[in-house]
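Taking it in order: structure first as structure tokens, then the write-up.
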Amino acid sequence: MDPELEAPLLRAWVDAQRRLAAGELRAFTVPGHKHRRDLIGDLVAGDVPLYGGLAPIRDGDALLREAEGRTAERWGADWCRYSVGGSTHGNQALTLAVGAPGDTVIVDRTCHRSLLLGLVLAGLRPIWVQPPIDDATGLPLGICAATIAESLASHPDTRAVFVTSPSYVGTGADVAALNEVTRAADVPLVVDAAWGAHLGSHPDLPLHPFTAGADAVVTSAHKALAAVNQGAVVLARTDRLDAGRLDRAMEATATTSPSGTILASVDGSLALLAQHGEELIGALLDRVRRARAVLRKVPGVVVPDSTTLPGDFDDAKLVVLLAGAGADGIAVDRDLAKQGFTLEMADRDLLVPMVTLADDDEAVADLAEALGSTIERHRGVPRATVAHAAWTVAADAALSPRDAFFADREPVAWDGAAGQVCAEVVAPYPPGVAVLAPGERITQGALDALRQAKADGARIAYAADPTLATVLVVRLDGSSPGVGTGP
Ligand SMILES: Cc1ncc(COP(=O)(O)O)c(C=O)c1O
């Protein structure tokens, strides 16, 4: 650890470790493992709670607020909370913070399932908007300001606008332009930037959505930064959002036993970004650019960047498109796994290896080399570029997500379910965008795309019937909402 890092929680964690090692901290608090390595092994090493670990139980809140306050100050935010529940927690808290059951919100349909389930929790009614698709790559681009302006004009009762930026594949909205539109309508703009914690920390990257004016931004510090898994941060301005309501919403969905280790890692990774971000992200950008140059030598492979895609793009994101090389991404991924490389996402047409500021020159060069040679080995007949089903869902809402979640449901045959109202979430994961969502009329296109993705070898998550022989639909026989068999 850099001793100059301005991260009070990380300092407290280091001190707790020292006291444990010296036998000065004799914990009669949770966690129950009491740091003994002979019970379930070494995995408990480093696991320190906030309350009773980083600080005495009665002082834990003050220490956490001090750290969050420092982060808020760095960003010019009025409100900041760390989370041990990932961007999932942040997204769901923000849905609980912006309105009341029955209220209308504008949401991009490529949102992560956590936001969709947030709409269920909060009882909000989404007006869905779609991002445009880039014809050449099939990738979703950022939501357009004109789309949001149009939707706001048609729905003047809108309580908030939720957009995902950057997307899973690094494309992003012009948040400053969105902000102009939402400010003019006096509606808060909430950005899920789970993948974008590093944005704005180098002049070659798009602005961080908070700097670009969003009213609230959720980011996963464990994705693009160096935090421990699940670490996240939410920043907000409170002229259009209520601070007390934000607090209540965040607490409502938070564990009461937060891991001090995760919180300390969020604090440390944000301090690292603030103090050394430009240098670390500059080196990351160089490595990713070199990897792109290697991959662009593989005939048919497309590796987009901010110069080839319209709109904002996170140039630290390595996205590899395979259709032109005819290689099957799932086969390439399996082959790479045998070589010891695990990728964040692979489907038939797309590979997304997660490269971060923690990778060194050699690791990224090795990855690029292995990707190139493995794609070559799996070369086939070039295919047309097809946009992933997750980016093109044409939502036809019959019920609100919440009404569908609580409605009576029944399984029906997958073949023949088109036209019925879906009662569950079914999402290829990654990217975790629901292709089937509660309350939406099921289309044949969605059924076919999910079956095809499964046949290709992709992970299809959350389906009550993982074989995709059946799908849960809302029973529309006039029965009252009741408890069904799953989300
Ligand atoms: C756009 C988006 N938002 C939110 C999340 C949830 O993030 P977390 O895993 O930190 O809960 C994800 C996860 O992949 C995501 O892709």
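Residue count for the stretch 52-77 satisfying the condition of being under 23 Å from the mean Cα position of the chain (by Cα) and acidic (D, E): 1.
Taking the residues in the stretch 1-50 that are part of a helix (DSSP H, G or I) and open to solvent by 100 Å² or more (accessible area, probe 1.4 Å) as candidates, determine which candidate is nearest to N229 (Cα to Cα). Filtering first and then ranking leaves L43. Applying the criterion of being in contact (Cβ under 8 Å) with a residue 60 or more places away in the chain and not small (G, A, S) to the residues of the stretch 248-259, the residue that is farthest from the ligand (Cβ to nearest atom) is R248. The set of residues in the stretch 287-304 that are assigned to a loop (DSSP other than H, G, I, E, B) and surrounded by fewer than 18 Cβ atoms within 10 Å (Cβ to Cβ) comprises R296, K297, P299, G300.
Within the bounds of the stretch 103-116, is there any residue that is charged (D, E, K, R), open to solvent by less than 30 Å² (accessible area, probe 1.4 Å) and in a loop (DSSP other than H, G, I, E, B)? Yes: the stretch 103-116 contains one or more residues that are charged (D, E, K, R), open to solvent by less than 30 Å² (accessible area, probe 1.4 Å) and in a loop (DSSP other than H, G, I, E, B).
Every residue in the stretch 175-199 that is assigned to a loop (DSSP other than H, G, I, E, B) and over 26 Å from T261 (Cα atoms), please. Before you say what the answer is, go through the steps one by one.
Within the stretch 175-199, the subset assigned to a loop (DSSP other than H, G, I, E, B) is 185-188, 193-199.
Matches in the stretch 175-199: A185, D186, V187, P188.
Which residues, counting only those in the stretch 232-254, are open to solvent by 20 Å² or more (accessible area, probe 1.4 Å) and either assigned to a loop (DSSP other than H, G, I, E, B) or touching a helix residue (DSSP H, G or I) at 6+ places or on another chain (Cβ under 8 Å) (or both)? Within the stretch 232-254, R237, T238, D239, R240, D242, R245, R248, A252, T253, A254 meet the criteria. Being of a type outside the set (A, V, I, L, M) and either under 23 Å from the mean Cα position of the chain (by Cα) or at pLDDT below 95 (or both), is that true of even one residue in the stretch 359-381? Scanning the stretch 359-381 turns up at least one residue that is of a type outside the set (A, V, I, L, M) and either under 23 Å from the mean Cα position of the chain (by Cα) or at pLDDT below 95 (or both). Applying the criterion of being small (G, A, S) and farther than 21 Å from D286 by Cα to the residues of the stretch 337-385, the residue that is surrounded by the most Cβ atoms within 10 Å (Cβ to Cβ) is A346. For the stretch 204-231, which residues satisfy the criterion of being farther than 22 Å from E180 by Cα and either part of a loop (DSSP other than H, G, I, E, B) or more than 11 Å from the ligand (Cβ to nearest atom) (or both)? Result: D204, A221, H222, K223, A224, L225, A226, A227, V228, N229, Q230, G231. If you filter the stretch 179-203 down to residues that are β-branched (V, I, T) and within 16 Å of the ligand (Cβ to nearest atom), you find that the one that is farthest from the chain's Cα centre (by Cα) is V190. Inspect all residues belonging to the stretch 344-356 and state whether any of them is at negative phi, at pLDDT below 95, within 16 Å of the ligand (Cβ to nearest atom) and part of a loop (DSSP other than H, G, I, E, B). Scanning the stretch 344-356, I find at least one residue that is at negative phi, at pLDDT below 95, within 16 Å of the ligand (Cβ to nearest atom) and part of a loop (DSSP other than H, G, I, E, B), so the answer is yes. In this structure, T443 does not satisfy being closer than 28 Å to V303 by Cβ and among the hydroxyl-bearing types (S, T, Y).
Does G90 meet the test of being assigned to a helix (DSSP H, G or I), at negative phi, within 16 Å of the ligand (Cβ to nearest atom) and without any contact (Cβ under 8 Å) to a residue 40 or more places away in the chain? Can you show your working first?
Numbers: assigned to a helix (DSSP H, G or I): yes; at negative phi: yes; within 16 Å of the ligand (Cβ to nearest atom): yes; without any contact (Cβ under 8 Å) to a residue 40 or more places away in the chain: no.
Answer is no for this residue.
Out of curiosity, is L472 more than 16 Å from the ligand (Cβ to nearest atom), under 30 Å from D328 (Cα atoms) and open to solvent by less than 20 Å² (accessible area, probe 1.4 Å)? Step through it out loud before you land on a result.
On the way: more than 16 Å from the ligand (Cβ to nearest atom): yes; under 30 Å from D328 (Cα atoms): no; open to solvent by less than 20 Å² (accessible area, probe 1.4 Å): yes.
Here the answer is no, as L472 does not meet what is asked.
Residue count for the stretch 58-80 under the criterion of being touching a strand residue (DSSP E or B) at 6+ places or on another chain (Cβ under 8 Å) and either open to solvent by less than 20 Å² (accessible area, probe 1.4 Å) or under 14 Å from T211 (Cβ atoms) (or both): the result is 10.
When residues of the stretch 125-165 are filtered for being under 22 Å from the mean Cα position of the chain (by Cα) and open to solvent by 60 Å² or more (accessible area, probe 1.4 Å), how many remain? Break it down into steps so the answer makes sense when it comes.
Of all residues in the stretch 125-165, those under 22 Å from the mean Cα position of the chain (by Cα) come to 125-134, 137-145, 148, 160-165.
Now restrict to residues that are open to solvent by 60 Å² or more (accessible area, probe 1.4 Å): 125, 130.
Number satisfying all stated conditions: 2.
Cβ-Cβ contacts under 8 Å between residues 6 or more apart (or on different chains), taken from a first residue in the stretch 44-59 that is more than 17 Å from V266 (Cα to Cα) to a second residue that is open to solvent by less than 20 Å² (accessible area, probe 1.4 Å) and at pLDDT 95 or above, are listed as G52/G60. Only one of the numbered conditions (1) more than 16 Å from the ligand (Cβ to nearest atom); (2) surrounded by 20 or more Cβ atoms within 10 Å (Cβ to Cβ); (3) of a type in the set (A, V, I, L, M, F, W, C) is not met by V169, and that is (1).
From the list L189, L207, L96, pick out the single residue that is free of Cβ contacts under 8 Å to residues at least 40 places away in the same chain and touching a Lys or Arg at 6+ places or on another chain (Cβ under 9 Å). Walk me through it before giving the result.
Values: L207 fails: touching a Lys or Arg at 6+ places or on another chain (Cβ under 9 Å); L96 fails: free of Cβ contacts under 8 Å to residues at least 40 places away in the same chain.
None of the others qualify; the one that does is L189.
This table checks each residue for (1) farther than 24 Å from M345 by Cβ; (2) modelled with pLDDT of 95 or more; (3) buried (at least 17 other Cβ atoms within 10 Å of the Cβ).
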position: A404; (1), (2), (3): yes, yes, yes
position: W414; (1), (2), (3): yes, yes, yes
position: P428; (1), (2), (3): no, no, yes
position: R441; (1), (2), (3): yes, yes, yes
position: A458; (1), (2), (3): no, no, yes
position: S479; (1), (2), (3): yes, no, no
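Quickly run through the stretch 159-199 and pick out the residues that are among the β-branched types (V, I, T), out of contact with any Pro (no Cβ under 8 Å at 6 or more places or on another chain) and within 23 Å of D242 (Cβ to Cβ). Working first, answer last.
Residues of the stretch 159-199 among the β-branched types (V, I, T): 161, 163-164, 169, 171, 175, 181-182, 187, 190-191.
From what is left, the residues that are out of contact with any Pro (no Cβ under 8 Å at 6 or more places or on another chain) are 163-164, 181, 187, 190.
If the condition is that a residue be among the β-branched types (V, I, T), out of contact with any Pro (no Cβ under 8 Å at 6 or more places or on another chain) and within 23 Å of D242 (Cβ to Cβ), then V163, V181, V187, V190 are the ones that fit.
The values are calculated or read from the model by the stated rules, or taken from the named source; none is laboratory data. Being a predicted model, the structure only gives us computed values, none of them experimental. Counting neighbours? That spans all protein chains shown, and the Cβs are built from the backbone with ideal geometry, glycine included. Just so you know, the surface numbers come from the protein's heavy atoms only, side chains and all, with ligands and any DNA or RNA stripped out. Shrake-Rupley method; radii C 1.70, N 1.55, O 1.52, S 1.80 Å.
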